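The values are calculated or read from the model by the stated rules, or taken from the named source; none is laboratory data. This structure is a prediction, so every number in the text was calculated from the model and none was measured. Ideal geometry is used to build each Cβ from the backbone, glycine not excepted, and the neighbour counts take in all protein chains shown. These area figures cover heavy atoms from the full protein model, side chains too; ligands, DNA and RNA do not enter into them. Shrake-Rupley method; radii C 1.70, N 1.55, O 1.52, S 1.80 Å.
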Amino acid sequence: MQRGNHTVTEFILLGFTRDPMMQLVLFVVFLIMYVLTVAGNTSLIGLICNDSRLHTPMYFFIGNLSFLDLWLSCVYIPKILVICISEDNSISFAGCLAQFLFSAGLDYTECYLLAVMAYDRYVAISKPLLYSQAMPMKLCVFLAAASYLGGFINSSVLTKKTFSFDFCNDNIIDDFFCDLLPLVKLACGRTDGYQALMYFLLSSNVITPIALILASYLFIIATILRIRSTQGRLKAFSTCSSHLVSVTLYYGSILYIYSRPQTSYSFDTDKIVSTFYTVVFPMLNPLIYSLRNKDVKEALNKLLK
């Protein structure tokens, strides 16, 4: 990749701050979050694999979500820790490309998976007695595999197009990871076609899953309203509460960053919001799906005993 008459072999990540004391504080904070993320998601995956009562479609998808969050945290946080504790803010061109590829692929996969989980909740509430027959394991594996495949195919297309640009403006990325918007800012030449591709991928990987989630919840609400007892309605709705929290937090932060016009971009604000869906959300997911989940609590108590 050429920059003027020089070859760009690396990028410089500015991170959050250059204040040594704040960098040390951030290192401790991110290290704690990383340990909690790895421990929480690994524990949840272990519980789902270990306890036969959790061998259901819902927990199969939750286990995949935990795997995605575990992988996602490993894409971002180790580099953040290096930036905070050392003076080396550089990332190689190949390393930036790989981080971009995996981060986009995992994010897109999670978008699809959350839509699949919404459909799973609809089937569980509308057909409780036929749930296992309506969601056989073969179908669950197919839906999960399709989520991964779709996510990484779209990520590969976006990565190939993004890194085919000449980064002639600079090699300094005003972020803590190789993200889409800072990289586009560095690109020279016309980016009109790229923006069209970006909006197409946004609609296919974010807007379409959101539409599927909304449709699933409209059917869920219609089904819940047909339940006569208040207790039955509350019980049915409670099975969706964790998923609703995940969807709101995850899609809210992504839409805030990528659906706004370019004139309203603020890299300082976007860094904070990006931290939420790249670092905080993977840490919170195990808590969201276990704190109010009776089956997970029982499985954990059984394992501890």
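A residue that is crowded, with 17+ Cβ neighbours inside 10 Å, touching a helix residue (DSSP H, G or I) at 6+ places or on another chain (Cβ under 6 Å) and within 24 Å of Tyr119 (Cβ to Cβ) can be found somewhere in the range 34-41.
Being out of contact with any Pro (no Cβ under 6 Å at 6 or more places or on another chain), of a type in the set (Phe, Trp, Tyr) and at pLDDT 85 or above is the requirement here; does Tyr256 meet it? No.
Scanning the range 209-257 for residues that are closer than 30 Å to Asp175 by Cα and not hydrophobic (A, V, I, L, M, F, W, C) yields Pro209, His243, Ser246, Thr248, Tyr250, Tyr251, Gly252, Ser253, Tyr256. Of all residues in the range 97-107, one or more are open to solvent by 20 Å² or more (accessible area, probe 1.4 Å), touching a helix residue (DSSP H, G or I) at 6+ places or on another chain (Cβ under 9 Å), closer than 15 Å to Phe176 by Cα and in contact (Cβ under 8 Å) with a residue 40 or more places away in the chain. For the range 287-301, the criterion of being of a type in the set (Gly, Ala, Ser), at pLDDT 85 or above, open to solvent by less than 60 Å² (accessible area, probe 1.4 Å) and over 30 Å from Val184 (Cβ atoms) is satisfied by no residue at all. All of (1) open to solvent by 30 Å² or more (accessible area, probe 1.4 Å); (2) over 26 Å from Cys240 (Cα atoms); (3) among the small types (Gly, Ala, Ser); (4) touching a helix residue (DSSP H, G or I) at 6+ places or on another chain (Cβ under 8 Å) hold for Ala94 with one exception: (4). Could you tell me whether any residue of the range 63-71 is in contact (Cβ under 8 Å) with a residue 40 or more places away in the chain, open to solvent by less than 10 Å² (accessible area, probe 1.4 Å) and among the aliphatic types (A, V, I, L, M)? Looking through the range 63-71, at least one residue is in contact (Cβ under 8 Å) with a residue 40 or more places away in the chain, open to solvent by less than 10 Å² (accessible area, probe 1.4 Å) and among the aliphatic types (A, V, I, L, M). Report whether or not Phe152 is in a helix (DSSP H, G or I), at pLDDT below 90, open to solvent by 30 Å² or more (accessible area, probe 1.4 Å) and farther than 18 Å from Phe93 by Cβ. Spelling it out, it is not the case that Phe152 is in a helix (DSSP H, G or I), at pLDDT below 90, open to solvent by 30 Å² or more (accessible area, probe 1.4 Å) and farther than 18 Å from Phe93 by Cβ. Applying the set (1) open to solvent by less than 20 Å² (accessible area, probe 1.4 Å); (2) touching a strand residue (DSSP E or B) at 6+ places or on another chain (Cβ under 6 Å) to Asp166 leaves exactly one unmet item: (1). Candidates in the range 42-57 are the residues that are open to solvent by 40 Å² or more (accessible area, probe 1.4 Å) and assigned to a helix (DSSP H, G or I); of these, the one that is nearest to Leu24 (Cα to Cα) is Thr42.
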